[in-house]
Amino acid sequence: MATIVKSLSTKGVEGYVVDVETKTISGQPMISIVGLGDTAVKEARERVEAAILDGRFLFPQMKIVVNLAPSDVKKSGSHFDLPIALSLLMESNQFRIKRKEEFAFIGELSLNARLRGCSGVLSMVIAARDAGIESIIVPGNNIEEASLIKGIKVYGFDKLVDVVEFLEGSMEYDRIEEVQVKVHDNNENIDFSEVQGQDLLIEYIVVAAAGGHNMLMIGAPGCGKSMIAKRIPTILPKMSEQESLEVTKVYSVAGLLMGKDSLVKKRPFRAPHHNASTNSLIGGGNRATPGEISLAHNGVLFLDEIAEFSKRTLDALRQPMEDKIVTVSRVRETNRYPANFMLVAAMNPCSCGYYGTDKCSCSDYEVLKYRQRISGPILERMDIQKHVQPVNFMDLSTYNSNWTSSQLRERVEFSRDVQKKRFKGIDGVNCNAQMGQSLVKEYCGLDSDCRNILQKVYDRYKYSARTFHKFLKVSRTFADLDGSKNIRKKDVIASVMSRDLEKDKTSMAVV
Amino acid sequence: MEYWIWLSRLKGVGPVIQKRLLERFCNPESVFNADRCSLLKVEGIGESTADNIVSSKNLDDSMRILDKLYKIDGRVLTINDELYPKGAASMIYSPLVLYYKGDIKSNLDGIGIVGSRRCSQYGKRVALQAGQWFGKYGYAVISGMAKGIDGYAHTGCLKASGYTIAFLGTGIDICYPKEHIGLMKRIIENGAVVSEYPPGTNGRPEFFPRRNYHISSWSKKLLVVEASEKSGALITADIAKRQGCDVFAAPSQIYTKTGFGTNMLIKNGAKLYTGPKFISDSDKKISSEQLKKKIGTEEKKDITEIERKILDIIGDSKLVVNEISKLVEINQVELLQHLAELELKGFLNCISGRYECA
């Protein structure tokens, strides 16, 4: 009878249980691994053979067949080494599990029989728990990541021999190290108080963070766009346990947790370079792995020099921005990844970078052409577009910054609470930016004073109806920041000044 | 028509000889049918040129051009057409045939505006204002549709719903620079784009001086706004001077590179340009009331104490929010309310985040 041990694998961010079945048959000594494994899985036979021979074990001189069930799902990764080795040893009667609980195993083997960490552990442990498996054995390197999951016993080992001795009952698990969930100190040493002389811009950033609005910053080179963007995660509300787990799962699958081995508590900040390919941004590759937008899940995706990104790449963002989820289809796999991020982008006002100053020698037609590199639909999704003004270096000391990140975050959290209450029970809407037509009508009523202002704005700038729709949402967020039930005049005024890029157009000398 | 085009495209024969041929044979068709002997009698035509003309008696090329013109809705303007300005036709190097798209008005009162492609904000302002003014008062604004001053001159004129003509150094179906595609369309709707080169011709450096030649020969007056030491605008000014057309130059600061050429022009006798009124005053009576309208200061009512203070502080400069905030001594968030009010009332303009008084 074949020996069966439990292992796991991942598909997208979700894990599933895999049965590793091993049978020895008399015949030519050989080992074959079936069950649609990739090269990493196939190569397990070499690693397993070397690892087994390294210890006190013998490698059976028989025909060995290993099956990874379900056999019709493609699998990849090196974490099947450990379960294959163990099932082989049991099949050849070299040891028996004397413990009563049901075990699952993951881990890569080194040639001298040590256990190496692997990626996707978090998802697999969750899947194991959900499948009712009581205990899981993981490489020592992954123990902290695996221990994040409650409701399943996690054992971490460094050597194959230790695992065997433990299973045989001849050795007790003595790794009592109190598993401390290492929480990355929230945004170590960056704070908004370091940004000086940009109070107005920070106000808009707070609004963007509070209402879930995407933001575009336009400014000359070196005026501090990137510096400001990096600090945006510090004012977003703290991640809930659930959010942390979601992010950690994505990172675990992407193999980015290795070595850090902890729950991601800090909101992600991803800043891909502008030559990023569509696939690296959206997700893809052979295994349909997550892209930058999923790695920025629950955090900030910062596209610096957004005008330099290829148009196609940018336009690919449109759908995930709406759906907050992305489906990546490849020949081998189709995976769904979460992609709920706040998009923050930065660009220069024109190709020379100094539009608006005497330094700039671009003609207005060139400026417009440069700006047209960002397609309309993407610009449409940028609720707030603000110019960033350079601050005179010599004056820096005279600015007194009055807001620290934690103060700003309090304001954001307060406003988010207001919104949460408002949108309770409405599916798919968590913040003001996600309001549809009807919700805007319901929640963004204006008095005559405010309507007057909008009329004036229309007379002067001739914005489209869609833009006014945006203004209403943004002014709603302005009001929420103060906890005001009604949208006040000042909220409307502040919101109509939130689309600098469109406003510029009206003052340009073009036909 | 095909004979006209044939004549204008004869290899080795320039506009001067072409005109002599025309004079002698009355019309292009007769030139086409002329034999070698009679051709040789024309002054300036040697044996080889005559051989050349005789051997190139083929209208295929001309027909092709006409076909193309028909497709793009272009037209041909010949030198004896009454729409061809008398002044321009009398220039010795004026071409027999021009291709154009749009409408050419008779009795043009043309004012050429040329200048640097890389212009400063000052140059932009001068060109826009001039274009707007001349467009408004019924002049034809003539320029070259290049980047910078040329583009702004056309734009200003179009904004005032004026009439404008652009001379191109390419075929009339090609837009150079590309970002002016919208502008070109508007020029065709409200004027014309004209070129000596048949449709489909790509721009070449040697074509542009010819283009400049046309700008000045079609204009009665020429305004040069910002030209650096060696620029096409100066070439145009030079030609204009020789053609006897009035050259005006807008003065610039002596330290700017883009202003060097115009200042030199003034030094060498060009008229000093002090505003569009100056040019138009001499030949048109524009009622003084009309002039006042623009200059008359609007009464700034409906404005609060603090808003007045902000306007005073901004004055003639361009300031960003944090500068204004420091000078007025209120915080930026509060300041925004006032700035927005001022913008909506039309007292302030904000360009790329910099505020200036309207």
**OP:** Return one number: the angle in degrees, 0 to 90 and rounded to the nearest 10, between the long axis of the Cα atoms of helix A:241-253 and the longest principal axis of the Cα atoms of chain A.
**Re:** 60
Original post:
Distance in nm between label sites at residue B:317 and residue B:305, each 7 Å beyond Cα in the beta-carbon direction?
Top reply: 2.4
Original post:
Given a Förster distance of 45 angstrom, what is the FRET efficiency for residue B:349 paired with residue A:330, based on the Cβ-Cβ distance and rounded to 0.05?
Top reply: 0.30
**OP:** Would you look at the GNM of chain B, springs on alpha carbons closer than 10 Å, and say which of B:149, B:324, B:235 moves the most?
**Re:** B:324
Subject >> Debye, to nearest 20: dipole size of the stretch A:269-371, +1 on Lys, Arg Cβ, -1 on Asp, Glu Cβ >> reply: 460
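Quote to one decimal, in nm, the extra length available between residue B:331 and residue B:268 on full extension: 0.36 nm per residue of separation minus the C-alpha distance between them. Don't jump to the answer; show the numbers that get you there.
Working: separation 63, 0.36 × 63 = 22.68 nm, distance 5.31 nm.
Additional length available on full extension: 17.4 nm.
Net charge near residue A:344, counting Lys/Arg +1 and Asp/Glu -1 over other residues with Cβ under 14 Å of its Cβ? Intermediate values should be presented prior to the final figure.
Working: positive: A:225, A:230, A:231, A:267, A:270, A:381, A:386; negative: A:292, A:304, A:305, A:383.
Result for the neighbourhood of residue A:344: +3.
Keeping the other protein chains in place, figure out the carbon and sulfur percent of the accessible area of the protein assembly as shown, with a 1.4 Å probe.
Carbon and sulfur: 50 percent of the exposed surface of the protein assembly as shown.
How big is the C-alpha Rg of chain B next to the rule-of-thumb value 2.2 N^0.38 Å, as a ratio?
Details: Rg = 25.0 Å, N = 358, 2.2 N^0.38 = 20.6 Å.
Rounded to two decimals, the normalised Rg is 1.22.
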**OP:** Compute the label zone of residue B:181 within the stretch A:301-324: residues whose backbone N is under 18 Å from the point 7 Å along Cα-to-Cβ.
**Re:** A:311-312
Original post:
Once both labels are modelled 7 Å past Cα along the beta-carbon direction, what's the residue A:279-residue A:153 spacing in nm?
Top reply: 4.4
Original post:
When ligands, DNA and RNA are left out and all protein chains stay put, how many square angstrom of accessible area per residue does chain A have with a 1.4 Å probe?
Top reply: 42
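With every protein chain left in place, what is the accessible area per residue of the stretch B:85-159 in square angstrom, probe 1.4 Å?
On the way: 2520 Å² over 75 residues.
Counting only protein heavy atoms, the per-residue value for the stretch B:85-159 is 34 Å².
Which order do B:323, A:322 take when ranked by solvent-accessible area (1.4 Å probe, heavy atoms of all protein chains), largest first? Write down the numbers at each step before the final one.
Working: B:323 75, A:322 115 Å².
Of B:323, A:322, the descending order of accessible area is A:322, B:323.
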Original post:
Treating the beta-carbon of each Lys and Arg as +1 and of each Asp and Glu as -1, no other charges, what is the dipole magnitude of the stretch B:110-280 about its Cα centre, to the nearest 20 debye?
Top reply: 340
Original post:
Given 0.36 nm per residue, what is the gain on full extension from residue A:34 to residue A:46 after removing their alpha carbon distance, in nm?
Top reply: 2.8 nm
Original post:
Lys/Arg Cβ at +1, Asp/Glu Cβ at -1, dipole of the protein assembly as shown taken about the Cα centre: which of B:358, A:154, A:239 is farthest positive-ward?
Top reply: B:358
**OP:** Report the label-to-label distance for residue A:238 and residue A:414 in nanometres (one decimal), using points 7 Å from each Cα along the Cα→Cβ vector.
**Re:** 1.8
**OP:** Please give the helix A:199-211 orientation as an angle from the longest Cα principal axis of chain A, in degrees from 0 to 90, rounded to the nearest 10.
**Re:** 50
**OP:** Nearest 5 is fine: what % of DSSP beta bridges in the protein assembly as shown come out antiparallel, could you say?
**Re:** 40
**OP:** Name the residue, out of B:251, B:198, B:177, whose mean-square fluctuation peaks in a Gaussian network model built on chain B with Cα pairs under 10 Å.
**Re:** B:177
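Using 0.36 nm per residue of separation minus the Cα-Cα distance, give me the extension gain between residue B:103 and residue B:357 in nm, one decimal. Mind dumping the intermediate values first?
Working: separation 254, 0.36 × 254 = 91.44 nm, distance 3.86 nm.
Fully extending the segment from residue B:103 to residue B:357 adds 87.6 nm.
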**OP:** Round to the nearest 10 and report in Å² the accessible area of residue B:103, as given by a 1.4 Å probe over the protein chains' heavy atoms.
**Re:** 90
**OP:** May I ask for the angle, rounded to the nearest 10°, between helix A:448-461 and the longest principal axis of chain A, with both axes built from Cα atoms and the value confined to 0 to 90°?
**Re:** 90
Subject >> Residues of type aspartates and glutamates that residue B:345 reaches as a straight line, Cα spacing below 13 Å, ignoring anything fewer than 8 places off in the same chain >> reply: A:459, B:298, B:299, B:302, B:307
Original post:
Dipole of the protein assembly as shown (Lys/Arg Cβ +1, Asp/Glu Cβ -1, origin at the Cα centre): which of B:274, B:213, B:34 lies farthest to the positive side?
Top reply: B:34
**OP:** Name the residues of the stretch B:166-185, by number, that are at least 50 Å² less accessible with every protein chain in place than in the isolated chain; the surface is that of heavy atoms, probe 1.4 Å, without ligands or nucleic acids.
**Re:** B:179
**OP:** Give the calculated FRET efficiency between residue B:9 and residue B:246 to the nearest 0.05, with a Förster radius of 35 Å applied to their Cβ-Cβ distance.
**Re:** 0.55
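Compute for chains A and B the buried accessible surface, both sides summed, probe 1.4 Å, and express it in Å² to the nearest 100.
Heavy-atom accessible area buried at this interface is about 3600 Å².
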Original post:
Taking only DSSP H segments of four or more residues, each worth -39500 (n - 2.57), what value at 222 nm results for chain B once the sum is divided by all its residues, to the nearest 500 deg cm²/dmol?
Top reply: -13500 deg cm²/dmol
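Counting only heavy atoms of the protein chains, get the accessible area per residue of the stretch B:1-71 (1.4 Å probe) and round it to a whole Å² value. If you can, show how the numbers build up before the last one.
Working: 4150 Å² over 71 residues.
So the stretch B:1-71 comes to 58 Å² accessible per residue, rounded to a whole number.
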Original post:
Okay, which of the stretch A:361-394 sit inside 16 Å, backbone N to the point 7 Å along the Cα-Cβ direction of residue A:466?
Top reply: A:372-385
**OP:** Any chance you could look up the accessible area of residue A:490 with a 1.4 Å probe, heavy atoms only, rounded to 10 Å²?
**Re:** 100
Original post:
So what does log10 I(q)/I(0) come out to for the stretch B:110-280 at q = 0.13 Å⁻¹, using the Debye formula with one equal point on every Cα and no solvent?
Top reply: -0.52
**OP:** Among A:117, A:127, A:88, pick out the residue whose Cα is farthest towards the positive end of the charge dipole of the stretch A:67-183, where Lys and Arg carry +1 and Asp and Glu carry -1 on C-beta, about the Cα centre.
**Re:** A:127
Subject >> Principal axes of the stretch B:1-158: Cα extent on each, largest first, Å >> reply: 60, 33, 29
**OP:** Using a 1.4 Å probe and counting only protein heavy atoms, arrange A:274, A:469 so the residue with the most accessible area comes first.
**Re:** A:274, A:469
Original post:
Under a 5 Å amide H to amide H cut-off, with H placed in plane at 1.01 Å, what residues pair with residue A:104 once short-range neighbours are removed?
Top reply: A:135, A:136, A:137
Subject >> Total charge dipole magnitude, chain A, about the Cα centre, Cβ charges on Lys, Arg, Asp, Glu only, Debye to nearest 20 >> reply: 1480
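Tell me the relative contact order for chain A as a rounded percent, counting alpha carbon contacts under 8 Å between residues six or more apart. Walk me through the numbers before you get to the answer.
Numbers: 1003 pairs, mean separation 69.1, N = 511.
Dividing the mean separation by the residue count of chain A yields 14 percent.
Could you tell me the calculated FRET efficiency between residue A:373 and residue B:256, based on Cβ-Cβ distance and R0 = 35 angstrom, to the nearest 0.05? Provide the component values of the computation, followed by the final result.
On the way: r = 30 Å, r/R0 = 0.87.
Efficiency, rounded to the nearest 0.05: 0.70.
The values are calculated or read from the model by the stated rules, or taken from the named source; none is laboratory data. As the structure is a prediction and not an experimental result, all values here were calculated from the model. When we count neighbours, we look across all protein chains shown, and the Cβ atoms used for this are built from the backbone with ideal geometry, even at glycine. Side chains are part of the model used for accessible areas, which takes the heavy atoms of the whole protein and leaves out ligands, DNA and RNA. Shrake-Rupley method; radii C 1.70, N 1.55, O 1.52, S 1.80 Å.
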